[in-house]
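A.B. asks: There's a structure below that I have some questions on.
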Amino acid sequence: MRVFVTGAGRCGSVTFAKACEAAGFVGYTCAHESHRGANPPWEYPDNHIEVDPRLTWHVPTLLKKYPEAMWVVLDRDRDAMAVSWAKRRGTMAAWRRLSSFDAPEVHAGVQSYLTFVYGALAALLDDGGHGARLWLITPVSLEEASQFFDYVEAEGDFDAFTAALREVHNAS
């Protein structure tokens, strides 16, 4: 089984990847942005959990290549995400291609981008023919963490997973 964990960026992907590492899932490899800097098509081994916001750009290709993959979508408070994106607008320009960027309206431009990304993910992953999907809100609750463990039929250290989810990584 392949598990793709994605979101719009600034959504807790580093924290989630570190939690997967801490859990020490038996029989799974886990990586965060393992193909960063590489051109698609990307290859992923079986029994792998890939955590990468860039997967949002490749959902159609990945659905075709890995139709049985499971998808997890990380989301969080959209205003907090917009503030975080706006703080990094000089280095994270991908969203500018799809948003209505205007310096005085940075927050609105980022909100436009977030609406686009999560709308596209819902449309692409909600047709029922491409495996299950699970939406997790970061910070991930104990109930959501348990759902994820059940979702991937994971064997690992649940307490280490949840403890790592409470740590903030890559904060802006």
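A.B. asks: Give me a count of the residues in the stretch 6-52 that are crowded, with 21+ Cβ neighbours inside 10 Å and under 23 Å from residue 111 (Cβ atoms).
C.D. replies: Adding up the residues that qualify gives 11.
Results for (1) in contact with a Leu (Cβ under 9 Å, 6 or more places away or on another chain); (2) of a type in the set (Gly, Ala, Ser), shown as yes or no for each residue.
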{"position": "25", "(1), (2)": "no, no"}
{"position": "33", "(1), (2)": "no, no"}
{"position": "48", "(1), (2)": "no, no"}
{"position": "59", "(1), (2)": "yes, no"}
{"position": "69", "(1), (2)": "yes, yes"}
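A.B. asks: Then there's this: Hey, residue 37 hits all of (1) touching an Asp or Glu at 6+ places or on another chain (Cβ under 9 Å); (2) farther than 26 Å from residue 162 by Cα but one; which does it fall short on?
C.D. replies: Of the numbered conditions (1) touching an Asp or Glu at 6+ places or on another chain (Cβ under 9 Å); (2) farther than 26 Å from residue 162 by Cα, the odd one out for residue 37 is (1).
A.B. asks: Any residue that is farther than 22 Å from residue 125 by Cβ, outside any strand (DSSP E or B), in contact with a His (Cβ under 8 Å, 6 or more places away or on another chain) and in contact (Cβ under 8 Å) with a residue 40 or more places away in the chain - is there at least one of those in the stretch 16-25?
C.D. replies: yes
A.B. asks: For the stretch 54-75, give me each residue that is under 21 Å from residue 113 (Cβ atoms) and in contact with a strand residue (DSSP E or B) (Cβ under 6 Å, 6 or more places away or on another chain).
C.D. replies: Scanning the stretch 54-75 gives 55, 56, 71, 72, 73, 74, 75.
A.B. asks: A further question follows. From 115, 162, which residue is more than 23 Å from residue 54 (Cα to Cα), at pLDDT 85 or above and not hydrophobic (A, V, I, L, M, F, W, C)?
C.D. replies: The match here is 162.
A.B. asks: Are any of the residues in the stretch 49-62 modelled with pLDDT of 95 or more and either more than 13 Å from the chain's Cα centre (by Cα) or part of a helix (DSSP H, G or I) (or both)?
C.D. replies: There is no residue in the stretch 49-62 that is modelled with pLDDT of 95 or more and either more than 13 Å from the chain's Cα centre (by Cα) or part of a helix (DSSP H, G or I) (or both).
A.B. asks: Among (1) in contact (Cβ under 8 Å) with a residue 40 or more places away in the chain; (2) among the β-branched types (Val, Ile, Thr); (3) more than 22 Å from residue 151 (Cα to Cα), where does residue 61 come up short?
C.D. replies: So residue 61 meets the others, but not (1).
The values are calculated or read from the model by the stated rules, or taken from the named source; none is laboratory data. Every value quoted in this text rests on a predicted model; they were computed, and no experiment measured them. Ideal geometry is used to build each Cβ from the backbone, glycine not excepted, and the neighbour counts take in all protein chains shown.
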